[in-house]
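Chemist: Dropping a structure here in structure tokens format, bear with me for questions.
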There are 2 protein chains.
Amino acid sequence: MDKQSPEYLSHLRHSCAHLLAAAVMELYPKTHRTIGPAIENGFYFDFEFDQPISDDDLPKIEAKMREIMKSWKGFEKHELSADEAKEQYPGNVYKHELIDEFSEDGKKKITFYKSGEYWDLCKGGHVGHPERELKHFKLLSIAGAYWRGSEKNKMLTRIYGTCWPTKIELDEHLQRLEDAKLRDHKKLGKELDLFTFSDMVGKGLPLWSPKGATVRRELERFIVDEELKRGYLHVYTPDIARLDLYKKSGHYPYYKESMYAPIKIEEEEYMLRPMTCPHHFELYLSQPHSYKEMPMRFAELAKLYRFEQSGELSGLQRVRSFCLADAHIVCRKPQAEQEVNAVLDLIEYIAQVFGLEAGKDYHYRLSLGDRQDEVKYSKDDASWDFAEHALRNVLKNRKSHFVEAEKEAAFYGPKIDVQMKNVNGKEDTAFTVQYDFVMLKRFELSYINEEGRAEQPVVIHRSSIGAIERSMAFLIEHYAGAFPLWLSPVQVALVPISEHHHEYANKVKKQLEEKNIRIELYAEAESMQNRIRLAAGEKVPYILVMGDKEIEQNGVAVRQRGNVNLGVMGVEEFAVKAREEVEKKVIW
Amino acid sequence: MDKQSPEYLSHLRHSCAHLLAAAVMELYPKTHRTIGPAIENGFYFDFEFDQPISDDDLPKIEAKMREIMKSWKGFEKHELSADEAKEQYPGNVYKHELIDEFSEDGKKKITFYKSGEYWDLCKGGHVGHPERELKHFKLLSIAGAYWRGSEKNKMLTRIYGTCWPTKIELDEHLQRLEDAKLRDHKKLGKELDLFTFSDMVGKGLPLWSPKGATVRRELERFIVDEELKRGYLHVYTPDIARLDLYKKSGHYPYYKESMYAPIKIEEEEYMLRPMTCPHHFELYLSQPHSYKEMPMRFAELAKLYRFEQSGELSGLQRVRSFCLADAHIVCRKPQAEQEVNAVLDLIEYIAQVFGLEAGKDYHYRLSLGDRQDEVKYSKDDASWDFAEHALRNVLKNRKSHFVEAEKEAAFYGPKIDVQMKNVNGKEDTAFTVQYDFVMLKRFELSYINEEGRAEQPVVIHRSSIGAIERSMAFLIEHYAGAFPLWLSPVQVALVPISEHHHEYANKVKKQLEEKNIRIELYAEAESMQNRIRLAAGEKVPYILVMGDKEIEQNGVAVRQRGNVNLGVMGVEEFAVKAREEVEKKVIW
């Protein structure tokens, strides 16, 4: 088997999970084992320990794994009855539950796999020569995890590990993890004081500090201005609405679980909105429309609220309230393809501004429906065919590389997802373009055509920069906190060499602030070198040092981030350069 | 008595209310009268009619008032026992309720006043010669009103009227009302398609159409940019938070009635936030602070939610969710005066940008606490004295005219209110600057002073432009929908004379859009005159007409709003002029 194939890697890692469990059972014989699957880049195993363990115990377990591994010559398959199987796990309610399930309450045999002295209930999928192949592994961390992922169940102890075919690959992966740790947006968010959380305010509800808020404001203005240029109509609609609105849209049954409980106001039930579309449709309905107005591209920086379990929350990546750069394009059916195409133009433009490359940093996924599944997807075969064809066509005409994914569509139509990987290699849908042939009927959207008759439009749902919170998390990690000049909270640090130069520094500050450059003066009673180090630690793009020599020339000594010395420049000259780099959104 | 004095005007109008009731009782004898006070600029009287009446009935009632008035030579005072008084109002539960109350359940006599044949229970306060003085009145409108203002009581019919000492004053007032009707923001909001409401979304929750949203965006950016320039730290904090936060801040008992019901999330109760302060304090607490950072001016365009009865909702003026340009300045006690002064500088600057004049369009009110009222106001005499003195000092040093109002302070300290009158003459608090010596204790806010010890700051709460919704309502009415160029949703209308000129018009459009000027092309198959009329009706500041002559000169014929013909200008020349007027926020 190809040692780089996903199948081989999965077998390798699952085998390593067996090895982990074998070591744990030898060291902590009173432990109850549960399950240990392969995951992306590694594996985990969940245990119920009779004593608390910590990261400090991992080296000991790892050493035991290496010791055991030598005696594992292969994986032997055995079949046991349910009763025999249960005897292998005295008092282990988790395994007993699985055995009942897999044996269909005793009707079927259960497969076990044995390596050396260790065996375990398992469906199979292992390497042939564990003693040779299971060499390049490392245990990474310990976390809590509910049995079967449900918070109603007991919390177990999960041990994560990674395993690779070669030492080089393992080392590379560990290096990536180290890098990712340094880039972790939660860590950088704290270090650079970009955002914070408060127990009193509540979980999953970030508070953006002045510096993080500056980046967010720049992002938001950039996206709004760019959309306005491209003919979007930006609006503001309320963040709460009557429950009836989401019943009308048909979202309620599909989204109920993600919505928060209703708030009663004068006998009516109001919801924190989980999506913007019905709000934009109500706005559309406030006026009659003509074919001449089509397409109408309603856009909004919309605050949305979706329930996430507290255990799932993670920095800005998974939150309970987020701001989506959302839009709903109401257009005539023959305009749909060109509108979808224009959305992809916009998305690619934005990606390019952030320095992201198609294929490397993101790729397209065409998410399709399932004609058979009438519960999950609105029934209308002809419309599904038409819409799926239209989206596929756009991607083909653009010569964009894309994968197709069955059963990933929205209930109202197929969509193009822009998939991005974060620094940990986890893939997520960052932005989507969705074709909708359902909402227009539910809301009775129409416009008057050339013949004076009412005609139904189609609707395209799309996000351009996705959720601001999630995009911010992504960008912090992508840039490792070193934002391009235009996004940097502080763009220029001023470092006067001594107190004599404060007056001049203040003059320079004023001069640059007039050009809308964000300045911070580092004038504390500390050594100049310390102050430069401080500004560099805060990843300020430009550090301007000034002493007698610079004052004489009415200039500043310019250091670009990354310790690049640009020499002495006139203040005005520097201002022009910086302004131009901001306008052009230069990345260096 | 001085005929312009508030006392005389009140007597005049209350007398006129008697006259209204007299006429109603003659025309509709089965009516039950209730109360009829003087109000600002007029009076009303609430009745329970046995038949519905409408605006169409007002002329008849008015005619009857004029007829009766001639026989009214004065107001005679009488005293009746409670039982005698009740006999005057057979079956009238409202009057009987009042009589029980005023007579302290029969213990005291009740005063009545008689004019001509009419008499009524009344505490007094009338004119001496009704037949001469009650001449310049007009009935204005009919509305529903709950008995004693409580929605739990029966809905009565309220008739509004106005009355003045002279015909000139009456006519002027009626003209003002006519003007106000034309300026009504609800009417203009619809005509100019600025905002709308949807029953499906819910009451008091405006949806901002693209044009209204453009004005709002310009307003928001203006205020944020101006605040940033003045050293404010703009942040984003969540619109919901745990109920516990508002208990910690002490707001909950005071604001409970204005807050919406809690939402339960994983066993915790969350509230739609009614104010921003505790959110900003939690952000402050996320980092240690030094005296060198003081003052820290946390600002936010904060969405807030406060309950309003559906009957109280009115356009953008009274809504259930609004966006407040809010800020909380954390500073050292000796910095407080200069910070309050800087806030007033900002407020006056903004007012001046909008073309508002101190004294005419707004005035200051110093709202004080009440040392005796320990329920409503936090007990701390020394702090109240210090803070009230500080605020008064600022106003005095500015030589600002201000009135003082007892018992109008916030529970945590005194405040300066900026009072504005809307086009209907109704006065409202538009912005406030509040001194707070309570929150810092509840949140244990502190900073490290020069000696390395923790010291308590003070907090100044302020809004600069108030609630965006309410300010927008005010500005729509103030400008009668004709926004200054920088705020106008469409800044320039392009009117090509005929189809031959469309290509040129599109070229001009592109050229101006590159200068960030908001353009609309009026190129429908209608006469040029109609298209100009259309654009003028939409109050577009500049209409550029272009035909052969203009094309030849690479120019446009410029008409400024108000039908001012500026002649032919080069396109570039016009662009520069328009850009400059936008930058300078010129009002004409």
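Chemist: How far apart are the A:Leu566 label points across copies, placing each 7 Å from Cα toward Cβ, in nm, shortest first?
Modeler: 3.8
Chemist: State the percent of C-alpha pairs, over all pairs in chain B, separated by a distance greater than 37 angstrom.
Modeler: Every Cα pair in chain B considered, those over 37 Å come to 50 percent.
Chemist: Provide a whole-number value for the mean count of partner chain Cβ atoms within 10 Å of the Cβ atoms in peptide A:268-277.
Modeler: 2
Chemist: Then there is this: Using a Debye calculation, one point per C-alpha and no hydration shell, please list log10 I(q)/I(0) for region B:6-181 at q = 0.17 Å⁻¹ in order.
Modeler: So the normalised log intensities work out to -1.10.
Chemist: Count neighbours as other Cβ atoms within 10 Å of each site's Cβ, and list the GluC sites (Glu not before Pro) in region A:47-122 that are DSSP loop with at most 10 such neighbours.
Modeler: A:Glu104
Chemist: Over the protein assembly as shown, with the other protein chains present, what is the accessible area per residue in square angstrom, probe 1.4 angstrom?
Modeler: With the other protein chains kept in place, the protein assembly as shown gives 45 Å² per residue.
Chemist: Report, in listed order, any pair from B:Lys77/B:Lys108; B:Lys86/B:Lys123; A:Lys303/A:Lys333; A:Lys248/A:Lys292; A:Lys186/A:Lys585; A:Lys248/A:Lys441 with a Cα-Cα distance greater than 18 Å.
Modeler: From the list (B:Lys77/B:Lys108; B:Lys86/B:Lys123; A:Lys303/A:Lys333; A:Lys248/A:Lys292; A:Lys186/A:Lys585; A:Lys248/A:Lys441), the Cα-Cα distance tops 18 Å for A:Lys303/A:Lys333; A:Lys248/A:Lys292; A:Lys186/A:Lys585.
Chemist: Oh, and also: Going by the alpha-carbon gyration tensor, a ≥ b ≥ c the square roots of its eigenvalues, is region A:82-205 rounded (a/c under 1.5) or, if a/c is not under 1.5, prolate (a/b greater than b/c) versus oblate?
Modeler: Taking the square roots of the gyration eigenvalues as a ≥ b ≥ c, region A:82-205 is oblate.
Chemist: Let me ask something additional. Please identify every one of the GluC sites (Glu not before Pro) in region B:336-377 that sits in a loop by DSSP and has no more than 12 other beta carbons within 10 Å of its own beta carbon.
Modeler: B:Glu357, B:Glu374
Chemist: How big, on average over all directions, is the shadow cast by the Cα convex hull of region B:492-584, in nm²?
Modeler: Computing the convex hull of the Cα atoms and averaging its projections yields 5.4 nm².
Chemist: What is the mean number of Cβ atoms from other protein chains located within 10 Å of the Cβ atom of each residue in peptide A:203-214, rounded to a whole number?
Modeler: 6
Chemist: Near A:Gln338, within a Cβ-to-Cβ distance under 13 Å, what is the net charge of the other residues, with Lys and Arg +1 and Asp and Glu -1?
Modeler: Around A:Gln338, the surrounding residues sum to +2.
Chemist: At A:Asp385, label 7 Å along Cα→Cβ: distances to the other copies, nm, ascending?
Modeler: Spelled out, the distances from A:Asp385's label point are 8.8 nm.
Chemist: Starting from a label point 7 Å past Cα on the Cβ side, list the distances from B:Gln372 to the same position in the other copies, nm, shortest first.
Modeler: Spelled out, the distances from B:Gln372's label point are 8.2 nm.
Chemist: Determine one quarter of the surface area of the Cα convex hull of region B:241-375, which equals its mean projected area, and express it in nm² to one decimal.
Modeler: 12.0 nm²
Chemist: Among the trypsin sites (Lys or Arg not before Pro) within region B:3-69, which fall in a DSSP loop and have no more than 13 other Cβ atoms within 10 Å of their own Cβ?
Modeler: Loop-located and lightly packed - B:Lys3, B:Lys30.
Chemist: So, in Å, what gap is there between the alpha-carbon centers of region A:321-379 and region B:262-278?
Modeler: 34 Å
Chemist: Given contacts defined as C-alpha pairs under 8 Å and at least six residues apart, what's the relative contact order of region A:492-584, whole-number percent?
Modeler: Over region A:492-584, the number comes to 28 percent.
Chemist: If you don't mind, there's one more thing I want to ask. Across peptide B:281-287, how many C-beta atoms of other chains are within 10 Å of each residue C-beta, on average?
Modeler: 5
Chemist: Moving to a separate point now. In what order, largest first, do A:Lys229, A:Lys256, B:Lys211 sit by accessible area if the probe radius is 1.4 Å?
Modeler: A:Lys229, A:Lys256, B:Lys211
Chemist: Hey, another quick one. Mind listing the long-range amide H neighbours of A:Gly466? Cut-off is under 5 Å, sequence gap 5 or more, other chains count too, H placed in the peptide plane at 1.01 Å from N.
Modeler: The answer is A:Ala325.
Chemist: Do the sum for the protein assembly as shown: with -39,500 (n - 2.57) for every DSSP H run of n ≥ 4, divided by all residues, what is the mean residue ellipticity at 222 nm, to the nearest 500 deg cm²/dmol?
Modeler: Value at 222 nm, helices only, nearest 500: -10500 deg cm²/dmol.
Chemist: With a sphere of radius 12 Å drawn around the Cβ of A:Glu268, what net charge do the other residues whose Cβ falls strictly inside it have (Lys, Arg +1; Asp, Glu -1)?
Modeler: -1
Chemist: Evaluate the charge dipole of region B:6-181 about its Cα centre and quote only its size in Debye, nearest 20, assuming +1 on the Cβ of each Lys and Arg and -1 on the Cβ of each Asp and Glu.
Modeler: Around 200 debye, computed over region B:6-181.
Chemist: Ok, one more. Are any of the pairs B:Lys507/B:Lys549; A:Lys211/A:Lys507; A:Lys229/A:Lys379; A:Lys256/A:Lys407 more than 26 Å apart by Cα-Cα distance, and if so, which?
Modeler: Pairs exceeding the cut-off: A:Lys229/A:Lys379.
Chemist: When only C-alpha pairs under 8 Å and at least 6 residues apart count, what is the relative contact order of chain B, in percent?
Modeler: 10 percent
Chemist: Under unit Cβ charges (Lys, Arg +1; Asp, Glu -1), what dipole magnitude, rounded to 20 debye, does chain A have relative to its Cα centre?
Modeler: Dipole size: approximately 480 debye.
Chemist: Could you give the spread of the C-alpha atoms of region A:195-478 along their three principal axes, from largest to smallest, in whole angstroms?
Modeler: Result for region A:195-478: principal-axis Cα extents of 58, 54, 40 Å.
Chemist: Oh, and also: Note down, for the protein assembly as shown, the three equivalent ellipsoid semi-axes (square root of 5 times each alpha carbon gyration tensor eigenvalue), biggest first, whole angstrom.
Modeler: Sorted largest first and rounded, they come to 62, 38, 35 Å.
Chemist: Still on this structure: Rg (Å, one decimal) plus Dmax (Å, integer) for the alpha carbons of region A:311-467?
Modeler: When restricted to the Cα atoms of region A:311-467, Rg and Dmax are 16.5, 57 Å.
Chemist: Suppose every K and R has +1 on its Cβ and every D and E has -1 on its Cβ; what is the size of the dipole of region A:76-179 about the Cα centre, in Debye to the nearest 20?
Modeler: Here the size comes out at about 100 debye.
Chemist: Within chain B, which cysteines find no other Cys whose Cβ is under 4.7 angstrom from their own?
Modeler: Taking the Cβ cut-off of 4.7 Å, the unpaired cysteines of chain B are B:Cys122, B:Cys277, B:Cys323, B:Cys331.
Chemist: Cα centroids of region B:93-133 and region B:514-548: how far apart, whole angstrom?
Modeler: 62 Å
Chemist: Where Lys and Arg each count +1 and Asp and Glu each count -1, what net charge lies around A:His389 among other residues with Cβ under 13 Å from its Cβ?
Modeler: After counting each charged neighbour, the total is -2.
The values are calculated or read from the model by the stated rules, or taken from the named source; none is laboratory data. Since we're looking at a predicted model, the values are computed, not measured. Here the Cβ is made from the backbone with ideal geometry for all residues, glycine too, and neighbour counts use every protein chain on show. Quick note on the areas: whole protein, heavy atoms, side chains included, nothing else; ligands and nucleic acids left out. Shrake-Rupley method; radii C 1.70, N 1.55, O 1.52, S 1.80 Å.
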